[in-house]
1. For the pair Lys62/His120, report the inter-label distance in nm, with labels modelled 7 Å from Cα in the Cβ direction.
2. How big is region 93-145 by the Kirkwood estimate over distinct Cα pairs, in Å?
3. Roughly speaking, what is the stretch gain from Asp99 to Cys189, that is 0.36 nm per residue apart minus the C-alpha to C-alpha distance, in nm to one decimal?
4. Order of 90-98, 120-128 by packing, highest average Cβ count within 10 Å first?
5. Pull out the extension gain between Gln137 and Thr81, defined as 0.36 nm times the separation in residues minus the alpha carbon to alpha carbon distance; nm, one decimal.
6. Measuring with a 1.4 Å probe in the full set of protein chains, what accessible area per residue, in whole Å², belongs to region 54-108?
7. Go through 184-190, 50-56 and give me the packing order, highest mean Cβ count within 10 Å leading.
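The values are calculated or read from the model by the stated rules, or taken from the named source; none is laboratory data. No experiment lies behind these values; they were computed from the predicted model shown. Glycine gets a Cβ as well: all are built from the backbone with ideal geometry, and neighbour counts include every protein chain shown. The protein model used for the area step is the full one, side chains on, heavy atoms only, and it has no ligands, DNA or RNA in it. Shrake-Rupley method; radii C 1.70, N 1.55, O 1.52, S 1.80 Å.
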Amino acid sequence: GLLLAAPAFAQDTADKPLDPICPRQGDGRPTGPEWLCNGQLTRDYAFAFVYPAAAQTIPALKEALRAQAVADQARLALEATAFGDPPQPTTWDAEWRLDAVTPELAAASGTILTFSGGAHGGLEYRAILIDRRDDRQLRLNELFAPNLFENSLFGRKIRGIRAVQASFCRALTAQVRTRREDPAAQVTCPDIE
């Protein structure tokens, strides 16, 4: 799309112009090669979707973030032009963090700041969980819904709970052995259910 300078958008405290490729505002924003940005600056909106480059190494997370960025930008473009003539310049600033990566699971969280005029902007939080063994996105209830802890046909835990249990036991064992200064200490892991 066409990228234009946008004097109507509020600038950060140093009054630096917005980067048309990644239009972010304010101080303390992550920058550098370890961060990637999908962004666009038009006369109607400023869209920035920032996430860690490390997310690219987890295929299902990479795809989930890509799909989220596409959906968010399409929603913003529609909303920015739906009200008012001329449209009110709107900002969408999403910042995603890679919170945890284990051999079984990866977790990312996003903070989305929006502003379309008025007294204050909007704030939204999101999360993405990935089953790394199956390379697919998990829904939160796949890990914690009581009726999904057991597979009624075989009486076994679902994969998500097994993965969390396994990671929990490894971390607990390492901590107990470190605190006891005994690398062979036996640890009985409680069931996290």
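1. 3.9
2. Values: mean 1/r = 0.0791 Å⁻¹.
Radius from the Kirkwood sum: 12.6 Å.
3. Details: separation 90, 0.36 × 90 = 32.40 nm, distance 2.38 nm.
Between Asp99 and Cys189, full extension yields 30.0 nm more.
4. Values: 90-98: 21.8, 120-128: 11.6.
In descending order of packing, they fall as 90-98, 120-128.
5. Working: separation 56, 0.36 × 56 = 20.16 nm, distance 3.20 nm.
Result for the pair: 17.0 nm of gain on full extension.
6. Numbers: 2760 Å² over 55 residues.
Accessible area per residue, region 54-108: 50 Å².
7. Details: 184-190: 10.3, 50-56: 18.0.
Order by mean packing, descending: 50-56, 184-190.
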